[in-house]
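Working notes for the structure below.
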Amino acid sequence: MWSRKRFDIDYIDLIYGLGAALTVGNSQRQGLQNELEDWWISDSTGEAIACLSVRSGWDLLLQALQLPPGSEVAMSALTIPDMVTIVRHHGLVPVPIDLDPMTMAPDPASLDRAIGPQTRVIIIAHLFGGRVNLEPILAARDRVGAILVEDCAQAFTPGFRGHPDADVSCFSFGNIKFATALGGALLRVRDPQLGDCLRQIQSTYPVQDSGHYTRRLLKYLGLKTLSSRPGFTALIWGCRRLGIDYDRLLNQSVKGFPKDELIPRLRHQPWETLLALLRRRLQGYTEERLAAQTHRGQRLIQLLQDYCPQILVPGVATLPHVHWVVPILAQDPEMAIATLANAGFDSTQGNSMTVVNPPETHLEWEPRNAREIFKHLLYLPCYPAMDDTTLVSMAQALRPIFSPSVSEFLRMGSP
Ligand SMILES: Cc1ncc(COP(=O)(O)O)c(C=O)c1O
């Protein structure tokens, strides 16, 4: 069985992390943080800030901005639930911006509607590895005088530090991201004064729990082994014999902060070992490593289009695109998962994303495209270890179950 995802980290990196946990001392923490931030910003402008996670950085920013309660935050209508929870925690009102299924960029009509005099912040997520064109959003930002945050959590490429005109660009190195350090994030903040303010708030936080991070390094040594083809086949076999729902088990094993403790857990500074591993991952990460993944993604999409010409791959028309994941829309995702599992492929609907609900006063702002995409979304396994023959057999397995009706709806759909 081909597992849904391979972690983008080598055994040697995990061992390096464990070694650093034993040898890097607290006195080196600030030095490591400064070095990493200086390196990140060296070819760019503004301030870099290393955080525990993108969610920590987003919470930091909303603290620093001190917006009046009830101010609106216009958000890409598809994002991770915690990004919305954090907005609400600050007494702000999330307003969804619906997305074009072909590009996953803001739909122009929805963008116009979502951004008004109450909008103080706009946050746009580059989804699935594609990078959306920010020009229309920059114009909308300038029209209302808001702050534009670019959420690049799913769109890391070496050398890219965000759009130069975005106010804040955030990159995540969480468990399933490219160049993962099993946590950590880097923010580029265009206004140095705002950057200083974020840094000052973060400096009051306690440092991340060292035992927790060390246990995570050990856990991922095991999970990495289990995500290999024989390891994953054995895991599925074992789960089936023991009556364990392996999809739930896997989703839980890569889960982030517990919901009821979200805000206090976000408010920590990254531990020195995390900073050391992040520095190693980023400074050693090559274009070639990413190109191998991008190439597999492109090849799979081409095969899907050959074998299932009606298939809709959300975001396919976005350029540049590194295909961090390869999603498709399936009429009946559960049936597609079962069919693919029979053919030896572990696909998942995941449960990491959510649709941003419209404010109660404007239920007519319902993001219809995002809702429909979310309902039918299915992630296919796709990584460099899967050769052409393997990708062909996955595309072939999908052919009989694919129905055109969902994609027809989405092609015509406008909110
Ligand atoms: C679109 C998007 N935004 C934000 C995040 C949060 O990143 P982090 O785990 O670093 O908080 C993620 C994580 O998956 C994401 O996909």
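What the table shows:
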{"read-out": "4 °C / 1.567 mPa s Stokes-Einstein diffusion coefficient of the chain, Kirkwood radius on C-alpha pairs, µm²/s", "value": "59 µm²/s"}
{"read-out": "Area projected by the alpha carbon convex hull of region 287-412, averaged over all directions, nm²", "value": "8.7 nm²"}
{"read-out": "DSSP-defined antiparallel bridges as percent of all bridges, the chain, nearest 5", "value": "50 percent"}
{"read-out": "Net charge over other residues, Cβ less than 13 angstrom from the Cβ of residue 156 (K, R count +1; D, E count -1)", "value": "+2"}
{"read-out": "Counted charge near residue 95, where neighbours are those whose Cβ lies closer than 13 Å (Asp, Glu -1; Lys, Arg +1)", "value": "-3"}
{"read-out": "Percent carbon-and-sulfur accessible area, region 21-96, ignoring ligands, DNA and RNA, probe 1.4 Å", "value": "49 percent"}
{"read-out": "Of 203, 347, 27, the one that fluctuates the most in a GNM where the chain has Cα springs shorter than 10 Å", "value": "27"}
{"read-out": "Choice from 363, 18, 138 showing the highest fluctuation, given a GNM over the chain with Cα pairs closer than 10 Å", "value": "363"}
{"read-out": "Gyration tensor verdict on region 61-121 (Cα atoms; rounded if a/c is under 1.5, prolate if a/b is larger than b/c, oblate otherwise)", "value": "oblate"}
{"read-out": "Principal axes of region 104-223: Cα extent on each, largest first, Å", "value": "48, 32, 26"}
{"read-out": "Lysines with Cα under 20 Å of residue 5, excluding same-chain neighbours fewer than 8 positions away", "value": "177, 219, 224, 255"}
{"read-out": "Solvent-accessible area, 1.4 Å probe, carbon plus sulfur percent, for region 130-208", "value": "53 percent"}
{"read-out": "Residue 396-residue 233 pseudo-label distance in nm [points 7 Å out on the Cα-to-Cβ vector]", "value": "1.8 nm"}
{"read-out": "Rounded accessible area per residue of the chain, 1.4 Å, Å²", "value": "41 Å²"}
{"read-out": "Gain on full stretching of the segment that runs from residue 253 to residue 44 - 0.36 nm per residue minus C-alpha separation", "value": "71.6 nm"}
{"read-out": "Around residue 121: net Lys/Arg minus Asp/Glu count, Cβ-Cβ under 12 Å", "value": "-2"}
{"read-out": "Over the chain, relative contact order from alpha-carbon pairs under 8 Å, at least 6 apart, %", "value": "25 percent"}
{"read-out": "Residue 343-residue 12 pseudo-label distance in nm [points 7 Å out on the Cα-to-Cβ vector]", "value": "3.6 nm"}
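The values are calculated or read from the model by the stated rules, or taken from the named source; none is laboratory data. Worth saying up front: this structure is predicted, and the values here are computed from it rather than measured. Here Cβ is always computed from backbone atoms with ideal geometry, including for glycine, and neighbour counts include all displayed protein chains. Each accessible area value is taken on the protein alone, full model and side chains, heavy atoms only, with ligands, DNA and RNA left out. Shrake-Rupley method; radii C 1.70, N 1.55, O 1.52, S 1.80 Å.
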